[in-house]
Amino acid sequence: MKTLRTAAFAAALVAGAATAQEERFITIGTGGQTGVYFVVGQSICRLVNRGTAEHGLKCTAPSTGGSIANINAIKAGDMDMGVAQSDWQYHAYNGTSEFEGDKFDKLRAVFSVHGEPFTVVARADSGVNTFEDLFGKRVNVGNPGSGQRATMDVVLNSMGKAASDFSLASELKPAEQAAALGDNKVDAIVYTVGHPNGSIQEAVSTTDAKIVPVTGDAIDGLVNDNPFYAKATIPGGMYKGTDDDVETFGVKATFVTSSDVPEDVVYQVVKAVFDNFDRFKKLHPAFENLKEEEMIMDGLSAPLHPGAEKYYKERGWM
């Protein structure tokens, strides 16, 4: 009996070791903890980790600097997947804009998520009613490595302006900018983000502030010349101080990876999301109106990863 127990114990140890060897860890790059990118990564990991016993994948989604930081981390092999604005997916794959001379040939699209309007929130006492009113004011342009910072630079460039045209161009992260607005350290903040957003809710609840339209010839030109941009509307009544719809432009949040990531890994991640799609849509208000057919097409300029393509074909979507 003792021998049988010992043999069983040894077998259990071997089985446990085998299971440990089969476990594979994947890391998803997100964004600031107050933003929707963080929720996207955490939500995907939650669904992936529900099936660890079947596929052996264990997923983590730490907070990061955002779109460009995520793409660079995937390129370096430090992360497996990440969330990125559709414009930076395009530029990374095509070697343009911030990625000129640094083309990421191995970048692969997986799916898109929610729309992200370029959002400007200004203190009510700042005198800022249009984007042009920002010049000469104190503005948080966003942290280096974030999509919002890079998009702000694109907007400024389209207007023949630069960050030096602000009296102050601070580089606070999303988690810090609402407090800075409330403490009167800046007159306005910018955020390329899905709505409703917790950071903006915090900003408008701690001080009198409003969302400012981003319109005009320069913006029309950006939208007309670039397939990854589109006109966007932030609904009135969503935030205190902004009763009417506000016109701006925006991008899509997209989920990306590298061709170096194995097909079965990407397949299992995609399967975890779309096999549990109703559950996924309930994990953040910005996900409520997502549609599968739009997610596998909109905002995707890099080639689809074979693992994603395999799942979409199985579902009859391609």
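The values are calculated or read from the model by the stated rules, or taken from the named source; none is laboratory data. All values derive from a computational prediction rather than experimental measurement. All Cβ positions, even for glycine, are placed from backbone atoms using ideal geometry, and neighbour counts span all protein chains on display.
Within the stretch 136-192, the set of residues being of a type in the set (S, T, N, Q), buried (at least 23 other Cβ atoms within 10 Å of the Cβ) and within 24 Å of residue 220 (Cβ to Cβ) comprises 148, 151, 192.
The single condition among (1) within 19 Å of residue 30 (Cα to Cα); (2) surrounded by fewer than 21 Cβ atoms within 10 Å (Cβ to Cβ); (3) touching an Asp or Glu at 6+ places or on another chain (Cβ under 8 Å) that residue 257 does not meet is (2).
If we scan the stretch 39-56, do we find a residue that is free of Cβ contacts under 8 Å to residues at least 40 places away in the same chain and of a type in the set (Lys, Arg)? No, the stretch 39-56 contains no residue that is free of Cβ contacts under 8 Å to residues at least 40 places away in the same chain and of a type in the set (Lys, Arg). Just one of the numbered conditions (1) under 28 Å from residue 41 (Cβ atoms); (2) touching a Phe, Trp or Tyr at 6+ places or on another chain (Cβ under 6 Å) is not true of residue 181: (2).
Would you check if residue 303 is closer than 16 Å to residue 90 by Cβ, surrounded by fewer than 21 Cβ atoms within 10 Å (Cβ to Cβ) and over 18 Å from the mean Cα position of the chain (by Cα)? Walk me through it before giving the result.
Details: closer than 16 Å to residue 90 by Cβ: yes; surrounded by fewer than 21 Cβ atoms within 10 Å (Cβ to Cβ): yes; over 18 Å from the mean Cα position of the chain (by Cα): yes.
Considered against the rule, which asks whether it is closer than 16 Å to residue 90 by Cβ, surrounded by fewer than 21 Cβ atoms within 10 Å (Cβ to Cβ) and over 18 Å from the mean Cα position of the chain (by Cα), residue 303 comes out as yes.
This table checks each residue for (1) of a type in the set (A, V, I, L, M); (2) modelled with pLDDT under 95.
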site	(1), (2)
170	no, no
175	yes, yes
187	no, no
193	yes, yes
196	no, yes
225	no, yes
234	yes, yes
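Can you say whether residue 253 is outside any loop (DSSP other than H, G, I, E, B), in contact with a His (Cβ under 6 Å, 6 or more places away or on another chain) and in contact (Cβ under 8 Å) with a residue 60 or more places away in the chain, as far as the supplied structure shows?
Numbers: outside any loop (DSSP other than H, G, I, E, B): yes; in contact with a His (Cβ under 6 Å, 6 or more places away or on another chain): yes; in contact (Cβ under 8 Å) with a residue 60 or more places away in the chain: yes.
So residue 253 passes the test.
For the stretch 244-254: of the residues being out of contact with any Lys or Arg (no Cβ under 9 Å at 6 or more places or on another chain) and surrounded by fewer than 17 Cβ atoms within 10 Å (Cβ to Cβ), which is farthest from residue 41 (Cα to Cα)?
The first filter runs over the stretch 244-254 and keeps only residues out of contact with any Lys or Arg (no Cβ under 9 Å at 6 or more places or on another chain), leaving 244-245, 251-254.
This time we only want the ones that are surrounded by fewer than 17 Cβ atoms within 10 Å (Cβ to Cβ), so: 244-245.
Numbers: 244: 32, 245: 29 Å.
Residue satisfying both the conditions and the ranking: 244.
One residue stands out in the stretch 260-280 among those that are surrounded by fewer than 18 Cβ atoms within 10 Å (Cβ to Cβ) and farther than 18 Å from residue 61 by Cβ: the one that is nearest to the chain's Cα centre (by Cα), namely 277.
Cβ-Cβ distances below 7 Å connect the following pairs, each with a first residue in the stretch 284-313 that is under 26 Å from residue 195 (Cβ atoms), a second residue that is among the aromatic types (Phe, Trp, Tyr) and part of a helix (DSSP H, G or I), and a separation of six or more residues or different chains: 287/280; 292/274; 292/277; 296/312; 301/90; 301/93; 302/93. I want to confirm something. Restricting to the stretch 157-180 and keeping residues that are touching a residue at least 60 places away in the same chain (Cβ under 8 Å) and not hydrophobic (A, V, I, L, M, F, W, C), which single residue is farthest from residue 33 (Cα to Cα)? That would be 158.
What residue, of 84, 109, is closer than 30 Å to residue 313 by Cα and in contact with a Leu (Cβ under 7 Å, 6 or more places away or on another chain)? Steps first, please.
Details: 84 fails: in contact with a Leu (Cβ under 7 Å, 6 or more places away or on another chain).
Step by step, each of 84, 109 is checked, and only 109 is closer than 30 Å to residue 313 by Cα and in contact with a Leu (Cβ under 7 Å, 6 or more places away or on another chain).
Working only within the stretch 127-149, note down all residues that are at pLDDT 95 or above and outside any loop (DSSP other than H, G, I, E, B). Explain how you work it out, then say what you get.
Applying the first criterion (at pLDDT 95 or above) to the stretch 127-149 yields 127-141.
131, 132, 133, 134, 138, 139, 140, listed by residue number.
Taken as a whole, the structure leaves residue 103 outside the set of residues that are outside the structural domain of residue 141 (by TED's automatic domain parsing), more than 15 Å from the chain's Cα centre (by Cα) and in contact (Cβ under 8 Å) with a residue 40 or more places away in the chain. Of 249, 228, all but one fail to be of a type in the set (Phe, Trp, Tyr), touching an Asp or Glu at 6+ places or on another chain (Cβ under 6 Å) and closer than 21 Å to residue 156 by Cα; the exception is 228.
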